[in-house]
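What follows is one structure encoded as structure tokens, with my remarks underneath.
Nothing in this text is a laboratory measurement; each read-out follows from the coordinates by a stated rule. Since the structure is predicted, the reported quantities are computational estimates derived from the model, not experimental observations. Don't worry about glycine lacking a Cβ; one is built from the backbone with ideal geometry, like all the others, and counts go over all protein chains shown.
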Amino acid sequence: MSLITEHDIELIHNIESLTKKKLVEYEGVSENEVLKIWDKVNLAKRVANMNLIDTNFGEKKLINKNKMLNLTNQSQRNTMKQFFDKRKIIKHIKIDPLKEIKERKQNKKK
């Protein structure tokens, strides 16, 4: 049994087209009975979520993800630092890299 909203109708149509079977509405249960159970289900879901929060569920995963992001950012910062350090060296020596490349190509052609 699934409870659906008006936003789920397109999903239901897609399921029907894939399974090539028409889903029919179940008529054996009244709406009031479903709403009573629905309240119990929502209460149990909230309690479970509060327990997860109290036990810091997923905190280690988040910490490890942040560590990886920090390492990646650190790696990117180091790469950029090396790049700009090389540019400073080139500017200090006053070498024109494009001129050097053109000269090498010309020497290869000869």
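Things worth noting here:
- For the range 10-71, a crude dipole built from +1 on the beta carbon of Lys and Arg and -1 on the beta carbon of Asp and Glu, taken about the Cα centre, is about 520 debye to the nearest 20.
- Only the Cβ atoms of Lys and Arg (+1) and of Asp and Glu (-1) were treated as charged; on that basis the dipole of the range 1-46 about its Cα centre amounts to roughly 280 debye.
- Residue order, fewest to most beta carbons within 10 Å, for HIS7, HIS13: HIS7, HIS13
- Proximal charge balance of MET68 [Cβ under 13 Å; K/R count +1, D/E count -1]: +4
- ILE4-ASN64 FRET efficiency (beta carbon distance; Förster radius 41 Å; 0.05 resolution): 0.65
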